[in-house]
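A quick write-up on the structure given underneath.
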Amino acid sequence: MVGLNEEVNKIRNGVLRMANTFDPSVRDFLAGRIWLRLHTPFPIETIDAHIQSQHIKTIPGIKTTKTYANQTRHICNRCENTIQSRFTTFDCAKCEGPCTYCRHCLKMGRVSTCTELIVWNAEQPIYPTNHTLAWQGILTPRQQQASNELTESNTKRIPHLIHAVCGSGKTEILFEPIHKLLLAGKRVCIAAPRVDVILELEPRLRAAFPETAIEALYGGAETTTDSAQLILATTHQLYRFRHAFDAIFVDEADAFPYTAEETLRRAVRKAAKPEAPVHFVTATPSDKLLNEIKKTGQISTINRRYHGHPLPIPRYDSLWNYTKHIQKGKLPKKLNNWTEERLRRKEPFLIFFHHIGLMEQAELLFKQLDTRIHAVHASHPDRKEHVQALRNKEVPGLLTTTILERGITIPNVQVAVVGAEQLIFNKGALIQIGGRVGRSEQHPSGDFVLFHHGITYAMDDAKKEIIQLNKGGVPN
Amino acid sequence: MNDCLLCEQKIASVPSWKALLALEKQTAICQDCSKKFQRADIKEEDKLLDQVTSLYTYNEAMREYLHQFKFLQDVALASVFANELRTLLKGDPTIVPIPMHPEKRIERTFAPVDELLKSARLPFTHLLEKTGMEAMGEKSKEQRLAVKPLFRLKPGTSVQPSTYILLDDIYTTGTTLRHAATVLKEAGATRVEAVTLIRAER
């Protein structure tokens, strides 16, 4: 018995001695992350010392296996990409042999066969348990119920889907469940497929949780050595996390590219701890997601906006041959009148286009009505500024691609879709676009017009679903 | 059908007889992306270089391309200009790529100019080697003109009294190429031409 105790003590001392030698800032940064060995914010010697003392584990960047047919199959250990066409093999001057790298997550620093990834391999940091929820608003009974159900799912560790119409106050529903997780010292992530959504969420969450360490991660955000307890991140940024979170909330779960990309889905799963639930919040869940959650988790549905007013029903208006008109340098009359009406009534507006080229041709024509009208798209350099200018009422309206279809709130905004028959405007996209209208209590309605060159099933389906939701029905 | 290497979109193929008979060349990038590169097509003579050909201007698209190719180390992008380099360079004269310092090459894991040629399936010979570690891009014009010889002949190689074509990615002041040409001419080359993918504004 004494001998055993001695053994235990010896091991404990050994562990303690090891544990004493690490740098807490390295732990705080690396815990839950999977990072390039040579590109950390710390000196290379520090990282090497931690690898030596086994506080940090190294993992090869690319795992290559052989299939039964003797074909090589690569897996990226960072983004877990398995699409073989997204790998390139070349003669590497560093490892002097054929070396494969992943093109999928290239922009975060190349991961190749001879690149080493590092993960934290020792005790996890302990997160604070003192947090205040400063949000003063009151939830509607439906919101409150969804919020309670979500907390319940967190305790049960099962996935939860909040299926709530646009403008029903989805973010507010999350506050209480997140607060409870934070109080328990859990690490939480809110992920969204688009930067715009993260940028809109960040100030709201910072205001709601003033004492919590919050970090927003997106392409172009400054990297720090912080290790916040509450992380807001674009789904792409989750490639760099591994077994980090006790719960992940995926906001606007159906937005491109999340549903489109299996790899991103796996990245979300990988970023969560193995037992941790991944929740979804969206107004337009795909059938696949609905079926999945029905089997494994819980769904809360909210079909009323927080102010109780119905969703705006889309109005069809034909705009025959709009492409030709715009290419000839003429703004179609109906579109012209609609815009002039908005300008006269000083109502902010968004006009959605399916194609950047066409939108930019139209931009010149719109500028003849008002020079302050701008066009924005995903890679537009001033995208953030233009959207902010619309919020500040410095510009009367914007032309946009589907990037602004979700997550943004502009009081009294009026919305038109040019070319609603285009494939990119599927049911989900149209419902989301319509969801921009009438979000504020002061202006609970507004015009939502679909200018089209023919009516599609997607348009009819979207209209049908909105009417059904307004009647109080639960969409299937 | 493959994806565009730059924008990751599917490359829309236009149905044609050529495509049906598999005579059409596979392109690595889509029409939209290739339109963003601006042709320069400069052909000029110089005291030391018998002919300098540059294909593209250094515009925003090209800056991004070089960034992804050289600094993000996306070797796959070597194939973007493969068809074009092949059409321009296939033939007799020996192609001599501007070399990288061996240490720099290991650091970057590949030599971009070599990869351009490999991807274009063009044979090439390394006749030169770098004397120092310095990069031209970090110097001012005065500094560039004052530097000691940048290259020397690679030990164990010989230069014939014939034509050589130097290949480099970018031409800014031409100092690099003139240094290389000087070495080759002093070793007995009769004619030294140069081809660069990009011509930058001075």
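Derivation of every value follows stated rules applied to the coordinates shown; laboratory data play no part. Here the structure is a predicted model, which is why all the values come from computation and not from measurement. Positions of Cβ are generated from backbone atoms using ideal geometry, with glycine treated the same way; all protein chains shown enter the neighbour counts.
Anisotropy class assigned to the stretch A:350-476 is oblate, per the alpha carbon gyration tensor with a/c at or over the 1.5 cut-off and a/b no larger than b/c.
Only beta bridges with both residues in the protein assembly as shown are counted; by DSSP, about 30 percent of them are antiparallel.
Cβ screening of chain A for cysteine pairs under 4.7 Å finds these without a partner: A:166, A:189.
Modelled label positions at residue A:409 and residue A:138, each set 7 Å beyond Cα in the direction of Cβ, lie 1.8 nm from each other.
Looking at the square roots a ≥ b ≥ c of the eigenvalues of the Cα gyration tensor of the stretch B:40-155, which shape do they give, rounded for a/c under 1.5, prolate if a/b is larger than b/c, or oblate? It is rounded, given that a/c, with a ≥ b ≥ c, falls under 1.5. Karplus-based coupling profile of the stretch A:229-243, in residue order and whole Hz: 7, 10, 10, 9, 8, 6, 4, 4, 5, 5, 3, 8, 10, 8, 6, with θ = phi - 60° in 6.51 cos²θ - 1.76 cosθ + 1.60 and x standing for Gly or Pro. Annotation: amide H-H contacts under 5 Å for residue A:316 (H modelled 1.01 Å from N, sequence separation of 5 or more, or interchain): A:450.
If I model a spin label as a point 7 Å beyond the Cα along the Cα-Cβ vector, how far apart are those points for residue A:290 and residue B:125 in nm? Rounded to a tenth, the inter-label distance reads 7.0 nm. Pairs of Cα atoms under 8 Å, at least six residues apart: use those to get the relative contact order of chain A, whole percent. 14 percent.
With neighbours defined as other Cβ atoms within 10 Å of a residue's Cβ, the residues B:100, B:133 order from fewest to most as B:133, B:100. Whole-Hz Karplus values for the stretch A:359-365 come out as 4, 6, 5, 5, 4, 4, 6 Hz, taken residue by residue from phi with 6.51 cos²θ - 1.76 cosθ + 1.60 and θ = phi - 60°; glycine and proline positions read x. Among the lysines, select those whose C-alpha is under 27 Å from the C-alpha of residue A:57, and discard any that sit fewer than 8 residues away in the same chain. Candidates past the 8-residue exclusion: A:10, A:66, A:94, A:107, A:186, A:270, A:273. Among A:345, A:269, sorting on how many other beta-carbon atoms sit within 10 Å of each Cβ, with the fewest leading, yields A:345, A:269. Over chain B, DSSP H runs of length four or greater, each weighted -39,500 (n - 2.57), average out per residue to a 222 nm ellipticity of -7500 deg cm²/dmol. Placing a label point 7 Å from the Cα of residue A:204 along the Cα-to-Cβ direction, the residues of the stretch A:263-298 whose backbone N falls under 19 Å from that point are A:279-285.
Where Rh is the Kirkwood radius over the Cα pairs of the stretch A:141-302, the temperature 37 °C and the viscosity 0.692 mPa s, what D in µm²/s does Stokes-Einstein return? So the translational diffusion coefficient is about 212 µm²/s. Between residue A:71 and residue B:10, the FRET efficiency from the beta-carbon distance, with R0 = 30 Å, is close to 0.80. Quick check on chain B: take the gyration tensor over C-alpha atoms, sort the square-rooted eigenvalues as a ≥ b ≥ c, and tell me if it's rounded (a/c under 1.5), prolate or oblate. Prolate shape, in that a/c is at least 1.5 and a/b is the bigger ratio.
Using R₀ = 51 Å, calculate the FRET efficiency as 1/(1 + (r/R₀)^6) where r is the Cβ-Cβ separation of residue B:17 and residue A:52; round to 0.05. Provide the component values of the computation, followed by the final result.
Values: r = 64 Å, r/R0 = 1.26.
Between residue B:17 and residue A:52 the formula returns 0.20.
Here the calculated FRET efficiency for residue A:157 and residue A:327, from their Cβ-Cβ distance with R0 = 51 Å, stands at 0.40, rounded to the nearest 0.05. What you get for chain B, charging only the Cβ of Lys and Arg (+1) and of Asp and Glu (-1), is a dipole of about 240 debye around the Cα centre.
A dipole drawn for chain A from +1 and -1 charges on Cβ atoms has a positive end, and of A:236, A:456, A:193 the residue lying farthest that way is A:456.
Overall, the stretch B:14-73 carries a charge dipole of about 240 debye about its Cα centre when +1 sits on the Cβ of Lys and Arg and -1 on the Cβ of Asp and Glu, all other atoms neutral. Based on the reciprocal of the average 1/r between different C-alpha atoms, the Kirkwood radius for the stretch A:21-120 equals 14.5 Å.
With +1 on each Lys and Arg Cβ and -1 on each Asp and Glu Cβ, and nothing else charged, work out how big the dipole of the protein assembly as shown is about its Cα centre, in Debye to the nearest 20.
780
Panel values: chain A, Kirkwood radius from alpha carbon pairs, Stokes-Einstein at 20 °C and 1.002 mPa s, translational diffusion coefficient 87 µm²/s. Across the stretch B:68-81, rounded Karplus estimates of 3J(HN,Hα) from the backbone phi angles (6.51 cos²θ - 1.76 cosθ + 1.60, θ = phi - 60°) give 5, 5, 8, 9, 7, 6, 8, 4, 4, 5, 4, 7, 4, 10 Hz, Gly and Pro being marked x. Taking other C-beta atoms within 10 Å as the exposure proxy, A:218, A:239 rank A:218, A:239 from fewest upward. In this label model, residue B:88 and residue A:424 are separated by 3.3 nm, measuring between points 7 Å along each Cα→Cβ vector. Fully extending the segment from residue B:158 to residue B:39 would add 39.3 nm, taking 0.36 nm per residue of separation and subtracting the current Cα-Cα distance. Backbone amide hydrogens, once placed in the peptide plane, bring residue A:242 within less than 5 Å of A:33, A:34, excluding anything fewer than 5 places away on its chain. Each Cα pair under 8 Å and six or more residues apart adds its separation to the average, and for the stretch A:344-473 the resulting relative contact order is 26 percent.
Between amide H atoms placed 1.01 Å from N, distances below 5 Å from residue B:194 occur with B:51, B:52, B:53, B:166, all of them 5 or more places distant or on a separate chain.
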